[in-house]
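Data first, discussion second: the structure below is written as structure tokens.
The values are calculated or read from the model by the stated rules, or taken from the named source; none is laboratory data. Just so it is clear, the model here is predicted, and its values are computed rather than measured. Cβ placement follows ideal geometry from the backbone for every residue including glycine, while neighbour counts extend to all protein chains displayed. Side chains included, ligands, DNA and RNA excluded: accessible areas come from the protein's heavy atoms. Shrake-Rupley method; radii C 1.70, N 1.55, O 1.52, S 1.80 Å.
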Amino acid sequence: MADRDNRGSDHHEDADRPGEARPFPAWFTASRYTHRIAVEILQHGPISRVALARRFNLTQGAVSRITNDLTHLGVIREAGTLLQADEPGRQDGRKLSPSSVGRPQQALVIRREAKTFIGINLHGGTALATATDLACRPVGRSHSHHIRQRSPGQVVRMLSDLTQDCVREISQAGLPSPSGLAISLGGRAEGDRVVTYAPFLHWSEPVNLASEMENTCDLPCLVFNDLDALALYEGWFGEGIGLDRFALITMGSGIGYALSEHGVPVSSPDEGFGLIGHQLVDPDGPVCYLGHRGCAQCLTTGSLAEQYSHAIGRAASLDRLVKDLEEDMPQAETLLNLTGYRLGVLIALVANVALPDKVLVGGETSYLMKRCIESVRKGTASFRHSQMVEVPVKIIDGDWLRWAQAPAARAIARYLQGPEEADKPE
Ligand SMILES: [Zn+2]
């Protein structure tokens, strides 16, 4: 099934023309099913050919031809045997024929050591970088850099230094040189290359960051909005695997929102502008910098510190709030529960409008919401009919490393699917 004439190594033909956009490479070019089965094995492996045939409604012969092609390309390998009863494919509710139950099958896995990528996230005053393998697992440790000087040239130099740190680490781990570099930031990147909006960098005009990085580091580069990148990470490698549609809300210095369909973030010309950050969540809440009373800005780190300062009658940081929570101080508990309730209201809004299968809550302060999950549920329930199903909510760890893995995840998706498939739902 695979197209045998146009496969093999990375497509780097355009690499020598400085300044010109070169297409981000695809690992191989093959039939749509070949790419989709590679992705399925990446996300659900170890998995058998029988399970793949069932999922894609293909004959086992067709699946065998495809998996042979993928083995030949070095994308997958066999890894022992597994019993069908162990397979995630059983979750689709279809019955196996009695003769196939319990027969051991060859397990297929992605060769995650076959390729490496570098992801860098720019947020506020910090750049965080990590090298990953093909399964988006970190290789070595993360590298961070304080963004002191923000001119495009200075930022490119700082990003290049971080890239070199990651390249060295990949080499020390004995893994192949990186296949691509991806950067995410709180803003917009036109064509996944040109930064047109990134308020924290104070750039006065569009900057072709991808080209600048390609010329400096000699690596194919892509640039993404950080929320979209995180949504893709969760859909491909995290809490959103296998979900048709999920919403992601992040809590931190701002409030982020992304919607993912079939593992791909829904793109919009409005992304990067903070879609739900000023939605009303509490008519009695604090006033934001735009003058709204009780908008979702009351969930941000800065507002939480301000509200807590007001509650205890002296200036307090978020750290103070966290410490007081650990000591069960009543005023801290009250603010936490109120914040949980307000988050719950925001979740109800998202759930009622976007109808997701699940709402993921991430960001640097999301972990606090695990302590007040009952208040979150109450907030959501207050804007849902009593006979509606409870909105499945997952609080994901606010691990900064995820923000650096996320653009790498998007590069991996592009590399494994090719540009045609990576950014559109089936
Ligand atoms: Zn507001």
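If you check Ala173, Ala182 for being modelled with pLDDT of 95 or more, open to solvent by 40 Å² or more (accessible area, probe 1.4 Å) and touching a Gly at 6+ places or on another chain (Cβ under 7 Å), only one passes: Ala173.
I need the full set of residues from segment 38-53 which are over 21 Å from the mean Cα position of the chain (by Cα) and not in a loop (DSSP other than H, G, I, E, B), in order please.
We begin by selecting, within segment 38-53, every residue over 21 Å from the mean Cα position of the chain (by Cα); these are 46-53.
Matches in segment 38-53: Ile47, Arg49, Val50, Ala51, Leu52, Ala53.
Taken as a whole, segment 346-367 holds no residue that is within 16 Å of the ligand (Cβ to nearest atom), within 18 Å of Ile395 (Cβ to Cβ) and of a type in the set (D, E, K, R). Screening segment 346-390 for residues that are in a loop (DSSP other than H, G, I, E, B) and β-branched (Val, Ile, Thr) and picking the one that is least open to solvent (accessible area, probe 1.4 Å) gives Thr365. Looking for something part of a loop (DSSP other than H, G, I, E, B), away from the ligand (no atom under 16 Å from the Cβ) and outside the structural domain of Pro407 (by TED's automatic domain parsing) - is there at least one such residue anywhere in segment 209-230? No, segment 209-230 contains no residue that is part of a loop (DSSP other than H, G, I, E, B), away from the ligand (no atom under 16 Å from the Cβ) and outside the structural domain of Pro407 (by TED's automatic domain parsing).
Note on segment 275-331: residues that are at pLDDT below 95, more than 10 Å from the ligand (Cβ to nearest atom) and either open to solvent by less than 70 Å² (accessible area, probe 1.4 Å) or of a type in the set (S, T, N, Q) (or both) total 1.
Being surrounded by fewer than 19 Cβ atoms within 10 Å (Cβ to Cβ) and modelled with pLDDT under 65 is true of Gly93. Annotation: of all residues in segment 246-258 being in contact with a Pro (Cβ under 8 Å, 6 or more places away or on another chain) and at pLDDT 95 or above, the one that is farthest from the ligand (Cβ to nearest atom) is Phe246. Pairs linking a residue in segment 266-278 that is within 17 Å of Gly191 (Cα to Cα) to a residue that is of a type in the set (Phe, Trp, Tyr) and away from the ligand (no atom under 16 Å from the Cβ), with Cβ atoms under 9 Å and 6 or more positions apart or on different chains, are Gly272/Tyr197; Phe273/Tyr197. If you check Arg371 against the conditions, is it touching a residue at least 40 places away in the same chain (Cβ under 8 Å), out of contact with any Pro (no Cβ under 9 Å at 6 or more places or on another chain) and basic (Lys, Arg)? In short, yes.
Could you grab me the full set of residues in segment 259-274 that are on the phi > 0 side of the Ramachandran plot and either within 15 Å of the ligand (Cβ to nearest atom) or of a type in the set (Gly, Ala, Ser) (or both)? Spell out how you get there, then give the answer.
We begin by selecting, within segment 259-274, every residue on the phi > 0 side of the Ramachandran plot; these are 262-263, 272, 274.
Once the filter is applied, which keeps residues that are on the phi > 0 side of the Ramachandran plot and either within 15 Å of the ligand (Cβ to nearest atom) or of a type in the set (Gly, Ala, Ser) (or both), segment 259-274 yields Gly263, Gly272, Gly274.
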